[in-house]
Every structure is written in C-alpha cells, then in structure tokens.
Amino acid sequence: MSIQGGNYRLKRIEFDGARRPVLCQNEGGPCPLLAILNVLLLRGSVQLHPDYSEVGLHQLVQLLAGHLLELSARHSEPAQAVNFQQQLHGVMELLPRLQYGLDVNVKFLDPQGFEFTKELSTFDLTEVTLFHGWLIDPQDAHMMEAVGSLSYNQLVEILVEYRAALHDLETDPHKAPLASVAERQERARVERLEQLLSRGAAIDHFLADTATQLTYHGLARLHAEVPEGSLCVFFRNNHFSTMHKHHGKLYLLVTDYGYANQPTAVWEKLDAIDGDTVLVNAFFEERNRPRSPPAPSEEGGADPDHLLALQLQQVGTDTRRCCNHVCA
C-alpha cells in the first residue's frame, strides 16, 4: 500500500526537563499515528533531527517501524520473542493504513474497554495505553442492564432493530398474529418485542445523552486510573489525542496547526465533558490565554495560520479532524 499525505509541522516544547518535538495535526491527518508518535517523542523513545521543522508521513511510518524493530530485539525469552514477532508482522502491514484512520469499537464499562482488533496491536506493541471516557455510571441500574458489557457496534445493531420495530408498529399498530402460529409462540414473540422496545429505548437515550463520548463517571475513572506522570492516548469523538497526567490533573496535547507558534497553548485541561476547558503552557500554567488563536497579522492582512485556526475552532473540541472508524 502506498503512503500518501503531506508534511507535518513540528512544535518544540519543554517537557520533563528536556526540549522535545511534537507533531502538529493537519486537517484530516492521521491522528492515531500522530498521537502514538507524540507519546514516543515526549518519552524520548524516538528522535527527530533538531533541524527539522516538518516531517513527511512516509518518514513518520518509517520512524514508528524502526522503533518497533528495536523493541523486538529486546525480547530474549524465546516464547515472548515468537509472540512479539507474530504481532509485529501484522502491525507492520497495518502501519501504512494509519494514514486513513483506525477502527475502534469501545465498550462502556472500563476506560481501557475496547474490542480487540489487529489495528489496536499497534498500541500494545509500542507500549502506549489507549483510554476513553465513554462510560456508564454503575449506579444507573437501568442503563447497566440495557448496555452492560456490549460494544458500540452491538448497540448500533440493537438500535437498528429497535427502530425497525417502531416503524412496523407505527405502520400497523393493530397487526394480528398469524392464525397458524401457536399461542405460546405468539406470547414469546410479544415478550421479545417488549424487551427490544425497552432496551432499544434505553440505548437510544444513552447514545443521544452521551453524544460527546465523555461522561462524568468516565472522567472520574480516568482521573483515578491514569497513572501520575504517564503519557498515553485518549480516544474521543473519532479523535486520538496524546494525554498526560500532571499533579493529579489530566491534559491533552494541543496539536492544532493554528497553535504551532503559541507557547501559551501547549496542553488543554481535560476537566469537563462539554469541551469548555483551559489551555496552559509547557509548565502547565495558565497565562491569560485568549479564547481565540493568534490575531491576524498587521502586515500583509490576515495570518494564514490564524485563519486556519479559526476554521478548526469552528469544528469544535469534540470533532477535531476526525479519523475514519466505526464509532462515527
């Protein structure tokens, strides 16, 4: 598979006592690849030449592939080495596809609850943990019964069946059972229909009520379970972000291209489910940052970076440069 895509701008920030490069997000860019590589860059696990101001997609894929090959050489135990090599072979074939996005199917009981796919092996092999905050509150017994351990895809299947049943009832609400069907079978059919309508209504309400794909319970679980000082990846609304826990608070790395030259916009606090958060600098300090990216240039009219940043801001925090995957 050929690797397409343009170049990605680098922004250098202070992190953990060192000057580190991070990759900025172009519109429609491969956010899972960038999120993983930004974790590795901040850890110092992979390096980019200090003179680089941007890097191409092909080089990014090669950088990640080289890192995986280095990791494979560290496995001395034969059984571990064989298992790693098997996974590595599959991931190497998948790396070029990361330019198009990543299939993710979340489950709603655990911040690390995802249906396993070959694509997710990339996170396992790079030792980067993937989190989400789209969780059910266990105190909501009705929703727990309706959703439980089901995945997003399974909820969608039930929802399709539920809406089809509603359509049938609206079309012919007095539909009589077939004369040839036994009464016991008909009672079972009615019971199944009632269960479907009850469960489908609950699922419909849950998906509509949690459209931001982050709940208060999920946010609390993230703060409790993400280790202090760790770097990981956070999934929400079709977007993958580099996440860090600093002094008990969670932050998402700001990778918007429009903020590439703004030292006051390095991290974004993850402390609300509605996207109304605060940007901080590399030292996690708020510096009276404006709500908008940098102002237009006084010389030569509007700054192109500013115009792009405004366009990105209109999309909203929850839908920035979505990747293609099943949780649309």
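The values are calculated or read from the model by the stated rules, or taken from the named source; none is laboratory data. Here the structure is a predicted model, which means the values were calculated and not measured. FYI the Cβ positions are ideal-geometry reconstructions off the backbone, even for glycines, and counts take in every protein chain you see. Surface accessibility is based on the protein's heavy atoms, side chains included, excluding ligands, DNA and RNA. Shrake-Rupley method; radii C 1.70, N 1.55, O 1.52, S 1.80 Å.
Things worth noting here:
- Residue count for region 268-284, restricted to those that are touching a Leu at 6+ places or on another chain (Cβ under 6 Å) and either polar (S, T, N, Q) or under 24 Å from residue 8 (Cβ atoms) (or both): 2
- Filter result (open to solvent by 10 Å² or more (accessible area, probe 1.4 Å) and not in a loop (DSSP other than H, G, I, E, B)) within region 16-54: 18, 19, 20, 21, 43, 54
- Where strands (runs of 3 or more DSSP E) fall entirely within region 221-286, those with at least 1 residues that are farther than 27 Å from residue 53 by Cα are at 231-236, 239-246, 249-253.
- For region 267-281, the criterion of being over 20 Å from the mean Cα position of the chain (by Cα), open to solvent by 10 Å² or more (accessible area, probe 1.4 Å) and of a type in the set (A, V, I, L, M) is met by no residue.
- Pairs, first touching a residue at least 24 places away in the same chain (Cβ under 8 Å) in region 150-163, second surrounded by fewer than 17 Cβ atoms within 10 Å (Cβ to Cβ) and assigned to a helix (DSSP H, G or I), C-beta under 8 Å, six or more apart: 155/207; 158/196; 159/207; 161/196; 162/196; 162/197; 162/201
- Filtered residues of region 96-133 (kept if at pLDDT below 80 and farther than 13 Å from residue 233 by Cβ): 96, 97, 99, 100, 101
- Residue selected from region 123-144 under the condition part of a helix (DSSP H, G or I) and without any contact (Cβ under 8 Å) to a residue 24 or more places away in the chain, by the criterion surrounded by the fewest Cβ atoms within 10 Å (Cβ to Cβ): 141
- Residues within region 106-122 that are of a type in the set (Lys, Arg) and surrounded by 15 or more Cβ atoms within 10 Å (Cβ to Cβ), tallied: 1
- Residue match in region 190-205 (condition: of a type outside the set (S, T, N, Q), touching a strand residue (DSSP E or B) at 6+ places or on another chain (Cβ under 9 Å) and open to solvent by less than 10 Å² (accessible area, probe 1.4 Å)): no
- Whether a residue is assigned to a strand (DSSP E or B), open to solvent by 10 Å² or more (accessible area, probe 1.4 Å) and not acidic (Asp, Glu) was assessed, and residue 10 passes this test.
- Residues being in contact (Cβ under 8 Å) with a residue 60 or more places away in the chain and open to solvent by less than 40 Å² (accessible area, probe 1.4 Å) - total across region 213-246: 22
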